[in-house]
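Each remark here refers to the structure printed beneath this line.
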Amino acid sequence: MTTTSATIERPAAPQSRHRWAVAEVEALFELPLLDLVFRAQQVHRGHFDPQEVQRSTLLSIKTGGCSEDCGYCSQSARHDSGLARQRLLPVDEVLANARAAKARGASRFCMGAAWRGPKDQDLAPVLEMVREVKALGLQTCVTLGMLKEGQAEQLADAGLDYYNHNLDTAPDFYGQVITTHTLQDRLDTLDKVRGAGINVCSGGIVGMGENRRQRAALIAQLANLPTPPESVPINNLVQVPGTPLAGAGALDPFEFVRTIAAARITMPASYVRLSAGRGEMSDELQALCFMAGANSMFYGERLLTTDNPDADRDDRLFARLGLRAI
Ligand code: SAM
Ligand code: DTB
Ligand code: SF4
């Protein structure tokens, strides 16, 4: 097209990102497993060094007694999981754990609290934790539930690197798992986190009785966020006795691999984290997850309230696979 002198030259419109239809993500899930993993590995190699895996260590800084009714969670006051409650830990104890995590080889320290959301008086000690953990030379992450106006900015001012807040499952399955808050509440908090300039960590859980289309819908939802999360934890349900989801039929492990691959293909530049559930996975299954594009994991014997593989076992796995921790 020619331009006349009367035509005003406009800057090129920003390139619009592909919006993933649920059916399109479901079609990825339908591929033969090896084709899907091959595609995911190609995307992975276009964006990352395939030998590098990021390692985050978790600490529960406030445990149990949560007002929410998330059907998978050991920490809800509404479920009888027998978990001992623990008030907010003192900063010193958190720092001792962070130092140990750093010495063990984690690059990020994630602090989780069993809150619907923090009260303003709860936030002040957490801000101190963030400042001090960061001063140790670790990246910082917190997961505190829903944020109120202004709280994300306070966390950003304290130097917080990541906020974890999962979309957890498909929009049409959410109400079957959680009734005390809505998916829209979660999206509103993610908006606040983004708005404050904090990196977003958001993913979900599979193995809760959702179907394949719903797993695809979770992935599409994450990939279609205005900016995809920098970090995408994919959790396999850890069944905790006493929670409503204890006894859910176990997911075919290859379906978990497919979920990782779909996350990798739809969010090529994000770190996809092989998250809860590793304790029940063989080394071979974990290797297949890395092949499918997972490049992050939780490292250290404990998740929040349940077990994770020993760091020694993970170190041996990294050595056997030729992986490097970053
Ligand atoms: N209360 C905050 C919240 O809900 O955002 C932070 C802590 S909550 C335990 C963080 C995430 O852990 C949940 O969103 C969920 O994805 C994951 N999670 C909790 N219990 C789990 C379980 N039994 N198996 C797998 N993932 C789980
Ligand atoms: C995430 O997606 N998984 C982590 C972290 N973010 C906070 C928590 C997993 C919890 C597993 C069950 C437990 O240990 O209580
Ligand atoms: Fe509370 Fe978070 Fe557990 Fe839900 S997932 S019950 S909000 S601690």
**Request:** For the chain, just say rounded, prolate or oblate: build the C-alpha gyration tensor, square-root its eigenvalues into a ≥ b ≥ c, call rounded for a/c under 1.5, and beyond that prolate if a/b exceeds b/c, oblate if not.
**Result:** rounded
**Message:** Full-extension gain between residue 179 and residue 326, please, as 0.36 nm times their residue separation minus the C-alpha to C-alpha distance.
**Reply:** 49.1 nm
**Prompt:** How high is the relative contact order of the chain, in percent, counting Cα pairs under 8 Å that sit 6 or more residues apart?
**Reply:** 24 percent
**Item:** Phi-based couplings in Hz for region 149-163 (Karplus 6.51, -1.76, 1.60; Gly and Pro marked x)
**Value:** 3, x, 5, 4, 5, 5, 5, 4, 5, 6, x, 4, 8, 9, 10
**Prompt:** What does the helix-only formula give at 222 nm for the chain: each DSSP H stretch with n ≥ 4 adding -39500 (n - 2.57), the total divided by the residues, and the result rounded to the nearest 500 deg cm²/dmol?
**Reply:** -12000 deg cm²/dmol
**Fill in**
For region 23-138 the mean separation of alpha carbon contacts under 8 Å (6+ apart) over residue count, i.e. relative contact order in percent, is 27 percent
**Message:** Lysine pairs in the chain with Cα distance under 15 Å, only those 8 or more apart or on different chains: how many are there?
**Reply:** 4
**Asked** Thinking of region 101-251 as a set of Cα atoms, what percent of all their pairs are more than 26 Å apart?
**Response** 29 percent
**Message:** Between residue 27 and residue 211, how high is the FRET efficiency from 1/(1 + (r/R0)^6) when r is the Cβ-Cβ distance and R₀ = 22 Å? Nearest 0.05.
**Reply:** 0.90
**Request:** When a/c is below 1.5 the answer is rounded, else prolate if a/b is larger than b/c, else oblate, so apply that to region 32-146 with a ≥ b ≥ c taken from the square roots of the Cα gyration tensor eigenvalues.
**Result:** oblate
**Request:** Taking every Cα atom in region 215-261, find the radius of gyration and the maximum pairwise distance Dmax, and write them in Å.
**Result:** 13.1, 37
**Prompt:** Is region 58-109 best put as rounded, prolate or oblate by its Cα gyration tensor, with a ≥ b ≥ c the root eigenvalues, rounded for a/c under 1.5, and otherwise prolate when a/b is larger than b/c, oblate when not?
**Reply:** prolate
**Message:** Could you derive backbone 3J(HN,Hα) for region 177-189 from the dihedral phi with the Karplus parameters 6.51, -1.76 and 1.60 (θ = phi - 60°), listing whole Hz in sequence and x where the residue is Gly or Pro?
**Reply:** 10, 9, 10, 8, 8, 10, 4, 4, 4, 5, 4, 5, 5
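Bear in mind these aren't lab numbers, they're just calculated from the coordinates by the rules spelled out. Here the structure is a predicted model, which means the values were calculated and not measured. Using ideal geometry, Cβ is built from the backbone for each residue, glycine included, and neighbour counts are taken over all protein chains shown.
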